[in-house]
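The values are calculated or read from the model by the stated rules, or taken from the named source; none is laboratory data. The shown structure was predicted, so the numbers you read here are calculated from the model rather than taken from an experiment. A quick note on method: Cβ atoms are made from the backbone with ideal geometry, for glycine too, and the neighbour counts reach across all protein chains shown.
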Amino acid sequence: MITLEPVAAPDAPLARRNPVAKLAAALVFSFIMIATLDPVAPAIAVAAELAVLPLFGVRFRVLARRAWPLLLGAVGILVTLVLFAAERSGRVLVEAGPAVVTSGVLLTALGLVLRMFAVALPGVIVFATTDPTDLADALIQNAKAPARFAIGALAAFRLVPLLGQEWQMISLARRARGVDAGRNPLARLRLFVSTAFALLVGAIRRGTRLAVAMDARGFDADTPRTVARRQRFGAADVLLIAGAAAVAGAALTVSVLLGTFRPLIG
Amino acid sequence: MRGFGWRHAGRRAWAVRGVDLRVESGERVLLLGPSGAGKSTLLAALAGLLPEDSGEQEGTVEIDGLDPRKGRERVGIVFQDPESQLVMARSGDDVAFGLENRGVPAGEIWPRVDEALRRVGFPYHRDRPTAALSGGEQQRLALAGVLALRPGLLLLDEPTANLDPAGAALVRDAVAGAVDADTTLILVEHRVADALPLVDRVVVLEPGGGVRADGTPEAVFGAHGDALAAEGVWVPGRPVPPRRATAPAGDPLLAADRLGLPPRLAPTDLAVRAGEALAVLGPNGAGKSTLALLLGGLLRPGAGTVAASPALAGPDARTPPHRWRAPALARRIGSVFQDPEHQFVTGTVFDELALGPRRTGSPEPAVRATVDALLARLRLERLAGANPYTLSGGEARRLSVATALATAPRLLICDEPTFGQDRRTWLELVDLFAELREAGHGVVTVTHDPEFVAALADRTLTVSRP
């Protein structure tokens, strides 16, 4: 089940910050973290991310549930690299038949996993603590995004949970019509494609009706829009972005000082 | 409106043509006409929602002397489907959406939102998530979103067609309470008896073009009542004849024992026999649709059992229906879903009807005979080559019932088959179900429609909320 609702306590000090500021902070942080290939800087970054989590009002257990695809990815990276990496430097730790696990391989894999978390977690945290309506409002008011895009995306977003129910109904309706795939993988694929097509047709029709209803309420008018919910962008929001850049920068500096820094380019 | 006509781009026929109509400020008009007479197109034109490049126009439409495309802020429109006209996640934000678009100063927005919510009798705080509202409440909210803009002309395009009777009553009360003396109202609605308290004038469109009748409800229904009823309008004061079973029910077909699916359906016992029409009633949220899916062998029971009799399933009666392969299921139990479009699989009406028999292994000549018979029986011959997604509501409903019958199942399970149907399709469905019962089929219908139950059902089962 896809949930789009924020999971954080809404009055936590950092969760309350302007959504655009949170998004900018996450982007700045992630971009700086992409710059290095070593395991030290991401390790510091992940530690910092987990340390600020309480300030966002997110509990660790909730985050783990949100981020389970990441955990799955981490396990995948570890297994793949440990078994199939071409470069097998360092001390041999385990030798089981064809699988040879060396310290070099393990270090590379760990570095990759840490980087993935360091880059992805800020985004997960931002979306876990931000109401989509607030984000659209802030994008329009503080980032000067076009309302047609931001509100349109928001309205479309609201229809996403309906797609899950639609998928189930279409699948059941097909079974009722005598259509099933049994164990034949090709028939399964065909059924999947045709169900997806029916879902798409339904989604487009609903989207069109929604667009007409929005235009009927003046969404396409030339009148300049006013805003019912004001989003403020204050000094604290600037500080949040600066703080994110500073922490990421500090993590890189430590890595350079320790001599472990390996730039992505060069 | 003088000599107005509109043809959608790429269509040969005019959606509406030759309409001369003058509506004074403050009038409340019920717009009637058989399916396909162009009522919705007319409303869209009045709402300024037909862009000039999307079709061809004849004659003129003016609102207070202005092209409706330019005078859009004078007109508000509420559509049929609540799901696809709410924009925001919170109720108050949704009402504010139109005000923001029209550039209403921020300080005035929230007082006007609260006023509009009060006028429609919205029972919750404005932070209430729109997803947590019932269909009737969502339509009330949509009405509030339109009223907040203070339109001089309010257009309602079958606002209660997708709602159960309780939800429809909510919306009608809201309209009656919210429309003031200087709001002009134009309403499209099949269920005339429900609409009459809201209107003082009735206009009937002629499918070929023009206006057939125009006047007070008494005058219009006095002169044209019979013709309108025959064309499918629910003219008040014309009761439908009941169709009673002529023979006692036969062998049991399907039995449910403590059947449930927490948290959607509480444990339920029921038995369906051949030659019997059973109606399943109950409030919204009682799990009636879930029960239909369970009986149809489409969902695995969470508790209790569904057992088919040997009369229905032969040797397969030992396994529960949800374990049967789909072709075997379709030969024994036919399911008709609430939304016909969920069931369409192919690109033409003919293929749609042929799909079931082909999947269950009928030879091609037999398939052709079955399809032709069903096309004729359900007045769909003219549409054999049409795409199922382009059918009108009544046609789509008839097709979805026909597809379930194509594999000749002994048991038919329908979820709200008469929902939003015009009188003609409604009578045809009752006749068809009565015929099936006569021929020894079992018919189970989940329904909110008291007239349908009175006309057809031999027995009723009421489920309550779990």
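For region B:65-82, the tally of residues that are more than 7 Å from chain A (Cβ to nearest Cβ) and either crowded, with 23+ Cβ neighbours inside 10 Å or not in a helix (DSSP H, G or I) (or both) stands at 12. I'd like to check something: does region B:215-224 contain any residue that is among the acidic types (D, E) and touching a residue at least 24 places away in the same chain (Cβ under 8 Å)? The answer is no, given that none of the residues of region B:215-224 is among the acidic types (D, E) and touching a residue at least 24 places away in the same chain (Cβ under 8 Å).
Looking only at residues in region A:215-230 that are over 18 Å from B:P105 (Cβ atoms) and of a type outside the set (F, W, Y), the one that is nearest to the other protein chains (Cβ to nearest Cβ) is A:A216.
Take B:L436 and tell me if it is within 19 Å of B:S335 (Cβ to Cβ), assigned by TED's automatic domain parsing to the domain that holds B:R397, over 19 Å from the mean Cα position of the chain (by Cα) and surrounded by fewer than 23 Cβ atoms within 10 Å (Cβ to Cβ).
Working: within 19 Å of B:S335 (Cβ to Cβ): yes; assigned by TED's automatic domain parsing to the domain that holds B:R397: yes; over 19 Å from the mean Cα position of the chain (by Cα): yes; surrounded by fewer than 23 Cβ atoms within 10 Å (Cβ to Cβ): yes.
So B:L436 fits the description; yes.
Just one residue in the set B:L30, B:L21 is at pLDDT 85 or above, closer than 19 Å to B:T183 by Cα and under 22 Å from the mean Cα position of the chain (by Cα); that residue is B:L30.
Considering only residues in region B:183-235 that are assigned to a strand (DSSP E or B) and among the charged types (D, E, K, R), the one that is surrounded by the fewest Cβ atoms within 10 Å (Cβ to Cβ) turns out to be B:D214. Scan region B:439-452 for residues that are surrounded by fewer than 19 Cβ atoms within 10 Å (Cβ to Cβ) and acidic (D, E) and the total you get is 1. Any chance region B:141-153 includes a residue that's over 24 Å from the mean Cα position of the chain (by Cα), part of a helix (DSSP H, G or I) and either away from every other protein chain (no Cβ under 11 Å) or among the hydrophobic types (A, V, I, L, M, F, W, C) (or both)? Among the residues of region B:141-153, at least one is over 24 Å from the mean Cα position of the chain (by Cα), part of a helix (DSSP H, G or I) and either away from every other protein chain (no Cβ under 11 Å) or among the hydrophobic types (A, V, I, L, M, F, W, C) (or both), which makes the answer yes.
Residues that are touching a helix residue (DSSP H, G or I) at 6+ places or on another chain (Cβ under 6 Å) and not hydroxyl-bearing (S, T, Y) were ranked within region A:181-198; the one that is modelled with the lowest pLDDT is A:A181.
Taken across region A:172-180, residues that are at pLDDT 90 or above and among the β-branched types (V, I, T) do not occur at all.
Among all positions in region B:398-407, there is no residue which is outside any strand (DSSP E or B), aliphatic (A, V, I, L, M), at pLDDT below 95 and out of contact with any Leu (no Cβ under 9 Å at 6 or more places or on another chain). Every listed requirement among (1) buried (at least 17 other Cβ atoms within 10 Å of the Cβ); (2) within 14 Å of chain A (Cβ to nearest Cβ) is met by B:A286 save one, (2).
When region A:180-213 is limited to residues that are of a type in the set (S, T, N, Q) and loosely packed, with under 12 Cβ neighbours inside 10 Å, the one that is nearest to the other protein chains (Cβ to nearest Cβ) turns out to be A:T208. One residue stands out among those in region B:88-97 that are among the aliphatic types (A, V, I, L, M) and crowded, with 24+ Cβ neighbours inside 10 Å: the one that is nearest to the other protein chains (Cβ to nearest Cβ), which is B:A96.
In region B:98-109, the residue that is farthest from B:D157 (Cα to Cα) out of those that are surrounded by fewer than 23 Cβ atoms within 10 Å (Cβ to Cβ), facing chain A (nearest Cβ under 8 Å) and of a type in the set (G, A, S) is B:A106.
Please verify whether B:P242 is outside the structural domain of B:L456 (by TED's automatic domain parsing) and in a loop (DSSP other than H, G, I, E, B), treating the condition exactly as stated. It is true that B:P242 is outside the structural domain of B:L456 (by TED's automatic domain parsing) and in a loop (DSSP other than H, G, I, E, B).
Table: residues versus (1) within 14 Å of chain B (Cβ to nearest Cβ); (2) over 20 Å from A:N18 (Cα atoms); (3) crowded, with 19+ Cβ neighbours inside 10 Å.
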residue: A:I77; (1), (2), (3): no, yes, no
residue: A:V82; (1), (2), (3): no, yes, no
residue: A:S103; (1), (2), (3): no, yes, no
residue: A:L106; (1), (2), (3): no, yes, no
residue: A:A109; (1), (2), (3): no, yes, yes
residue: A:L114; (1), (2), (3): no, yes, yes
residue: A:T130; (1), (2), (3): yes, no, yes
residue: A:A145; (1), (2), (3): no, no, no
residue: A:R148; (1), (2), (3): yes, yes, no
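Write out, first by first residue and then by second, each pair whose Cβ atoms fall under 7 Å of each other, whose residues are 6+ apart or on separate chains, and whose first residue, in region A:66-89, is under 30 Å from A:T130 (Cα atoms) and modelled with pLDDT under 85 while the second is β-branched (V, I, T) and in a loop (DSSP other than H, G, I, E, B). Pairs found: A:R66/A:V7.
To keep it simple, each residue is scored yes or no on (1) over 30 Å from B:G167 (Cα atoms); (2) more than 30 Å from the chain's Cα centre (by Cα); (3) aromatic (F, W, Y); (4) away from chain A (no Cβ under 14 Å).
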| site | (1), (2), (3), (4) |
| --- | --- |
| B:G282 | no, no, no, yes |
| B:A292 | no, no, no, no |
| B:D316 | yes, yes, no, yes |
| B:P327 | yes, no, no, no |
| B:G356 | yes, no, no, no |
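Residue under question is B:P236, and the condition is that it be farther than 22 Å from B:D20 by Cβ and touching a helix residue (DSSP H, G or I) at 6+ places or on another chain (Cβ under 8 Å); does it hold? Judged against the criteria, B:P236 is a match.
Of the strands (runs of 3 or more DSSP E) contained entirely in region B:1-53, not one carries at least 2 residues that are touching a helix residue (DSSP H, G or I) at 6+ places or on another chain (Cβ under 9 Å), surrounded by fewer than 22 Cβ atoms within 10 Å (Cβ to Cβ) and not assigned by TED's automatic domain parsing to the domain that holds B:P207. Being aromatic (F, W, Y) and either within 20 Å of the chain's Cα centre (by Cα) or in a loop (DSSP other than H, G, I, E, B) (or both), is that true of even one residue in region B:122-131? Checked against the condition, which is being aromatic (F, W, Y) and either within 20 Å of the chain's Cα centre (by Cα) or in a loop (DSSP other than H, G, I, E, B) (or both), region B:122-131 yields at least one hit. With the requirement that a residue be β-branched (V, I, T) and within 12 Å of A:A156 (Cβ to Cβ), what does region A:203-236 give you? Within region A:203-236, A:I204, A:T208 meet the criteria.
Condition check: modelled with pLDDT under 85 and among the hydroxyl-bearing types (S, T, Y). Does A:T129 satisfy that? No: the conditions fail for A:T129. Can you confirm whether region B:368-385 contains a residue that is free of Cβ contacts under 8 Å to residues at least 24 places away in the same chain, within 14 Å of another protein chain (Cβ to nearest Cβ) and of a type in the set (V, I, T)? So far as region B:368-385 goes, no, none of its residues is free of Cβ contacts under 8 Å to residues at least 24 places away in the same chain, within 14 Å of another protein chain (Cβ to nearest Cβ) and of a type in the set (V, I, T). What number goes with the only condition from (1) touching a residue at least 40 places away in the same chain (Cβ under 8 Å); (2) more than 7 Å from chain B (Cβ to nearest Cβ) that A:A155 does not pass? The one condition A:A155 does not meet is (2). With respect to (1) surrounded by 20 or more Cβ atoms within 10 Å (Cβ to Cβ); (2) over 28 Å from the mean Cα position of the chain (by Cα); (3) touching a residue at least 12 places away in the same chain (Cβ under 8 Å), the lone exception for A:A216 is condition (3).
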